[in-house]
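S.K.: Please see the structure below; I have some questions.
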Amino acid sequence: MWRPWGKSTVRIHRRSLPPSSSFSCSSFKDIQDLCTEETLQTPAATAAATSKRASIFHRVRIANSFLRALSTPSPSQFEQQPEKAETCPEPQPEPESESESESDVVIPDSEPSSNNLATQPEPPIVIPGAEKRIVVYFTSLNVVRSTFYDCKTVRSILRGFRVSIDERDLSMDSRFLTELQGILGQSKLTLPRVFIGGRYIGGAEEVRQLNETGELKKLIVGLPVVEPGVCDVCGGHRFILCDDCNGSHKLYTEKAGFKTCTTCNENGLIRCSSCSCATLCSY
């Protein structure tokens, strides 16, 4: 069993320490001696220690208050700032010289500027004398497969509307190429090129898009309707042999010998007058 708690009869002899050194490893056993030492101190020593502590804390408090006063601006400074801003003189513009003032003067031009010209819409491209039909520039040669099938597709789409179509094959007459270059103002061209009512529409992609959206039918409405069929004179080729040179593109005379036929093209062909426009635009 545990022994009952009682006061120990063993006395602990404690060596006195010099006043300058501090004790170490203190325990609760010598708490009574520590308390007696505090009570045994003289009143003069106690007052000195208290005054020393008070003086140290007083210095720390004064230093903190001084630093806080420096870091915190006074309200008078805030009140004076707008007054300084108001009293600050406004910068005055420097007087310009006569040369600078004359250079700054803008004289309005009578001619329109480049921006105004850019905003103006471009005039539409038209073919004179083709207001009542469709004009198609294409090629019947299967040299470039994509171009050949584009021309074939566009021609089949336009033939489904049963209107007058003037098909101009560049492989049959090179003058069609010169004519188209003069109309569009371009040297390098892709085929086909379509004009409806004398107004330029575009190529194969534009015709496909207009046909899918239904806008192509609106453009063709108003053109004279023709009966489908093949021309009895040319068989649908739009060209016939020249009657003067019989397709040789050469004429013989006794005085001058052989000379070039001026009636037909380089292939000895002339346009069929019954199914196409015989005249070419001069550009």
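The values are calculated or read from the model by the stated rules, or taken from the named source; none is laboratory data. Keep in mind it's a predicted model, so treat the numbers as computed, not measured. As a convention, Cβ positions derive from the backbone with ideal geometry for all residues, glycine included, and neighbour counts pool all protein chains shown. Side chains are part of the model used for accessible areas, which takes the heavy atoms of the whole protein and leaves out ligands, DNA and RNA. Shrake-Rupley method; radii C 1.70, N 1.55, O 1.52, S 1.80 Å.
S.K.: Can residue 271 be described as open to solvent by less than 50 Å² (accessible area, probe 1.4 Å) and of a type in the set (Lys, Arg)?
M.R.: Yes; evaluated as a whole, the condition is true for this residue.
S.K.: I'm trying to understand the selection: among the residues of the stretch 219-238, which are in a loop (DSSP other than H, G, I, E, B) and open to solvent by less than 80 Å² (accessible area, probe 1.4 Å)?
M.R.: Of everything in the stretch 219-238, those that are in a loop (DSSP other than H, G, I, E, B) and open to solvent by less than 80 Å² (accessible area, probe 1.4 Å) turn out to be 222, 223, 224, 226, 229, 231, 234, 235, 236, 238.
S.K.: Assigned to a strand (DSSP E or B) and not aromatic (Phe, Trp, Tyr): is that true of residue 259 in this structure?
M.R.: Yes.
S.K.: Further question on the same structure: Restricting attention to the stretch 142-201, report how many residues are part of a helix (DSSP H, G or I), in contact with a Cys (Cβ under 9 Å, 6 or more places away or on another chain) and surrounded by 14 or more Cβ atoms within 10 Å (Cβ to Cβ).
M.R.: Matching residues across the stretch 142-201 total 2.
S.K.: Shifting gears a bit: Does residue 124 satisfy being open to solvent by 40 Å² or more (accessible area, probe 1.4 Å) and more than 22 Å from residue 211 (Cα to Cα)?
M.R.: no
S.K.: Sticking with this structure for a sec: Which ones in the stretch 202-213 are among the β-branched types (Val, Ile, Thr) and surrounded by 12 or more Cβ atoms within 10 Å (Cβ to Cβ)?
M.R.: Hit for the stretch 202-213 is 207, nothing else.
S.K.: In the stretch 244-259, which residues are in contact with a strand residue (DSSP E or B) (Cβ under 9 Å, 6 or more places away or on another chain), modelled with pLDDT of 90 or more and open to solvent by less than 80 Å² (accessible area, probe 1.4 Å)?
M.R.: If the condition is that a residue be in contact with a strand residue (DSSP E or B) (Cβ under 9 Å, 6 or more places away or on another chain), modelled with pLDDT of 90 or more and open to solvent by less than 80 Å² (accessible area, probe 1.4 Å), then 245, 247, 249, 251 are the ones that fit.
S.K.: From 241, 216, grab the single residue that is in contact with a helix residue (DSSP H, G or I) (Cβ under 6 Å, 6 or more places away or on another chain) and surrounded by 12 or more Cβ atoms within 10 Å (Cβ to Cβ).
M.R.: 216
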